[in-house]
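J.: I'd like to ask you about the structure that follows.
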Amino acid sequence: MTGKIIGTGSYLPELVWDNHKLTEWLDTNDEWIRERTGIGQRHISKDLGAGKMALEAAKKAMEDAGKAGLGAEDLDAIFVCTVTPDIMVPSIACEIQKMLGAVNAFAYDINAACSGFVFVYNMAVAYMETGLIKNALIIGSEQLSSMMDWNDRSSCILFGDGAGAVVVTACEQKGASVMHSDGASGEALQCVTGGKLSMDGQKVFRFALKRVPEVVEEILAKMEMEKEQVDLFLLHQANMRIIEAVIKRLGLEPEKVPSNIDRMGNTSSASLPILLDELNREGKLRTGMKLVMAGFGAGLTWGAGYITT
Ligand code: UT7
């Protein structure tokens, strides 16, 4: 069993801060940020929190899924992953269930940081395998600007705000999931509730360079697939140098590893669904494609999922 994408949507705040904007108060420059991260700009949400951004993305994904004949009442589950919930109770997912009128869906939020979208997608497929659900709306939404220390140039330059949503339906084809956590290394990237994020950038960098290739190889082995058989590898958009290093280490064709980090920065759990929505809107997702997604982040957590179109 695997998941098949039948609708995508995203929400990006109108306000955009390019690297030059950050130099108004930070000792940094466009060249350093581009060279070390590949990031040129990020969206910043001043007015909408993770909940409202998630709703906007969800509405667009449902509109898209409507073309395939799927309506809100056909949803069996709604999952939101976020590390920046603007409401804790009820969950953002339950709010979205109400707003969409998805009366047959159960709904809840999870936090798996930047691995969130992969983890929650794998969880949805596990539910599909038990027969509990057929159709799920999966959303990653983050207002990371609210947890940035905007005077910490080694972390704030990386992150951006936004939301992405994907409607997936159960598909009777082979699938595979891989998920890992290393709580003992959690201090590398942390934030207490209401506080500001602190990160050991180099530690996270080294962790990503080791774990992302590993997890991609793990899922290919589980799928009994060669990398050449995969149409697209969708990697969490954290740093272009990490993406390029993974491409090199695994010998992937660069055109099979799309990226939008230059325009988005790192949007944590929203990065993969925003990327999927861009590819979809650009007509780059054709029926029957084989996609491998991989995420990594705070926890530490890392994982990969297989999804089709
Ligand atoms: O979703 C997971 C989220 N986290 C990540 O993916 C983070 C992974 N790590 C990274 O992306 C990189 O480690 C960073 C982009 C955060 C930092 O890049 P780096 O190449 O590891 O730089 P560094 O920390 O080794 O710093 C090199 C130099 C230092 O100066 P000195 O000591 O060599 O004089 C820093 O003080 O660059 C300096 N520096 C900056 N200079 C200009 C650090 N941040 C900046 C900055 N602008 N924004």
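J.: Looking at segment 1-35, which of its residues are within 16 Å of the ligand (Cβ to nearest atom) and open to solvent by 40 Å² or more (accessible area, probe 1.4 Å)?
T.: Asp18, His20, Lys21, Thr23, Glu24, Trp25, Asp27, Asn29, Glu31, Trp32, Arg34, Glu35
J.: Working carefully through the options Gly51, Gly38, find the one that is within 16 Å of the ligand (Cβ to nearest atom) and either buried (at least 17 other Cβ atoms within 10 Å of the Cβ) or over 30 Å from Phe106 (Cα atoms) (or both).
T.: Selected residue: Gly38, the only one of Gly51, Gly38 that is within 16 Å of the ligand (Cβ to nearest atom) and either buried (at least 17 other Cβ atoms within 10 Å of the Cβ) or over 30 Å from Phe106 (Cα atoms) (or both).
J.: Can Gly40 be described as among the small types (Gly, Ala, Ser) and farther than 30 Å from Ala136 by Cα?
T.: It is true that Gly40 is among the small types (Gly, Ala, Ser) and farther than 30 Å from Ala136 by Cα.
J.: Which residues, taken from segment 54-101, are more than 20 Å from the chain's Cα centre (by Cα) and surrounded by 23 or more Cβ atoms within 10 Å (Cβ to Cβ)?
T.: Leu75, Gln97, listed by residue number.
J.: For segment 6-57, how many residues meet the condition of being closer than 30 Å to Lys134 by Cβ and of a type in the set (S, T, N, Q)?
T.: Qualifying residue count, segment 6-57: 2.
J.: Quick one: how many residues across segment 161-175 are in a loop (DSSP other than H, G, I, E, B) and either open to solvent by less than 10 Å² (accessible area, probe 1.4 Å) or among the polar types (S, T, N, Q) (or both)?
T.: Residues meeting the conditions: 2.
J.: With respect to the numbered conditions (1) more than 21 Å from the chain's Cα centre (by Cα); (2) under 30 Å from Glu172 (Cβ atoms), which one is the sole condition not fulfilled by Asn19?
T.: (2)
J.: Exactly one condition in (1) open to solvent by less than 60 Å² (accessible area, probe 1.4 Å); (2) more than 16 Å from the ligand (Cβ to nearest atom); (3) closer than 24 Å to His180 by Cα is not met by Phe117; state its number.
T.: Evaluating Phe117 over (1) open to solvent by less than 60 Å² (accessible area, probe 1.4 Å); (2) more than 16 Å from the ligand (Cβ to nearest atom); (3) closer than 24 Å to His180 by Cα leaves (2) as the failure.
J.: Here is a further query. When you look at Leu197, is it over 28 Å from Asn151 (Cβ atoms) and either aliphatic (A, V, I, L, M) or within 16 Å of the ligand (Cβ to nearest atom) (or both), yes or no?
T.: For Leu197, the condition - over 28 Å from Asn151 (Cβ atoms) and either aliphatic (A, V, I, L, M) or within 16 Å of the ligand (Cβ to nearest atom) (or both) - is not met.
J.: Among the listed residues Asn104, Asn111, which satisfies the condition of being modelled with pLDDT of 95 or more, within 16 Å of the chain's Cα centre (by Cα) and either open to solvent by 10 Å² or more (accessible area, probe 1.4 Å) or of a type in the set (Phe, Trp, Tyr) (or both)?
T.: The match here is Asn111.
J.: Here are the criteria: (1) over 21 Å from Asp30 (Cα atoms); (2) within 9 Å of the ligand (Cβ to nearest atom). Tell me which single one Glu172 does not satisfy.
T.: Here Glu172 meets the rest and fails (2).
J.: So, in segment 131-160, how many residues would count as being away from the ligand (no atom under 15 Å from the Cβ) and surrounded by fewer than 23 Cβ atoms within 10 Å (Cβ to Cβ)?
T.: 5
The values are calculated or read from the model by the stated rules, or taken from the named source; none is laboratory data. Since this is a predicted model, take the numbers as computed values, not measurements. So basically every Cβ, Gly included, is an ideal-geometry build from the backbone, and we count neighbours across all protein chains shown. To get the accessible areas, we keep the full protein, side chains included, count just its heavy atoms, and leave off ligands, DNA and RNA. Shrake-Rupley method; radii C 1.70, N 1.55, O 1.52, S 1.80 Å.
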